[in-house]
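J.: This is the structure, below, for whatever I ask next.
The values are calculated or read from the model by the stated rules, or taken from the named source; none is laboratory data. Computed from a predicted structure; not experimentally measured. Here the Cβ is made from the backbone with ideal geometry for all residues, glycine too, and neighbour counts use every protein chain on show.
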Amino acid sequence: MTADIIARLNNWFSESLHISVPSPDTDLLESGLVDSLQIVELLMQLEEQFGFKISIDDIDLDDLRSLERIAALVAAHAPRAIQPRSGPDSAPALAATHSATPAGGRPEIGLGDGMTPMPQLAAQFK
């Protein structure tokens, strides 16, 4: 399933950000392929495309350094949200929204729900 997620992420980088990622293990930040604003956009797209919310407390910059690491993050947070499509296109389809309460009982803050302090989030990735 991780290969499907990587393919989907690579497609999004190409179509939406106009970035060609050389390989799944390329460090997106160190190579200068993405900047802090694109990371914030990526997080919003992960929520929208894969049907889960990421708690700000759960975000680690290292999880966003490569397509492989982003795919692992998606797989860990949305294992039931992705199911293979039937038919010629084998890219994963959205199936359900994952909305579990994280350990510790703090509510998750979605990046796309208008509640996240975006300047604070962007500052983490400078």
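J.: Does segment 35-49 include one or more residues that are among the hydroxyl-bearing types (Ser, Thr, Tyr), at pLDDT 85 or above and either part of a helix (DSSP H, G or I) or in contact with a strand residue (DSSP E or B) (Cβ under 6 Å, 6 or more places away or on another chain) (or both)? Quick ask: steps written out before the conclusion?
T.: Narrowing segment 35-49 to residues among the hydroxyl-bearing types (Ser, Thr, Tyr): 36.
Restricting the remaining residues to those that are at pLDDT 85 or above gives 36.
If we keep only those that are either part of a helix (DSSP H, G or I) or in contact with a strand residue (DSSP E or B) (Cβ under 6 Å, 6 or more places away or on another chain) (or both) as well, we get 36.
Yes; the residues of segment 35-49 include at least one that is among the hydroxyl-bearing types (Ser, Thr, Tyr), at pLDDT 85 or above and either part of a helix (DSSP H, G or I) or in contact with a strand residue (DSSP E or B) (Cβ under 6 Å, 6 or more places away or on another chain) (or both).
J.: For residues that are under 9 Å from the mean Cα position of the chain (by Cα) and of a type in the set (A, V, I, L, M, F, W, C), scanning just segment 40-55, find the one that is surrounded by the fewest Cβ atoms within 10 Å (Cβ to Cβ).
T.: Among those residues, the one meeting the criterion is 44.
J.: I'd like to check something: does segment 12-21 contain any residue that is crowded, with 17+ Cβ neighbours inside 10 Å, assigned to a helix (DSSP H, G or I), modelled with pLDDT under 95 and of a type in the set (S, T, N, Q)?
T.: No, segment 12-21 contains no residue that is crowded, with 17+ Cβ neighbours inside 10 Å, assigned to a helix (DSSP H, G or I), modelled with pLDDT under 95 and of a type in the set (S, T, N, Q).
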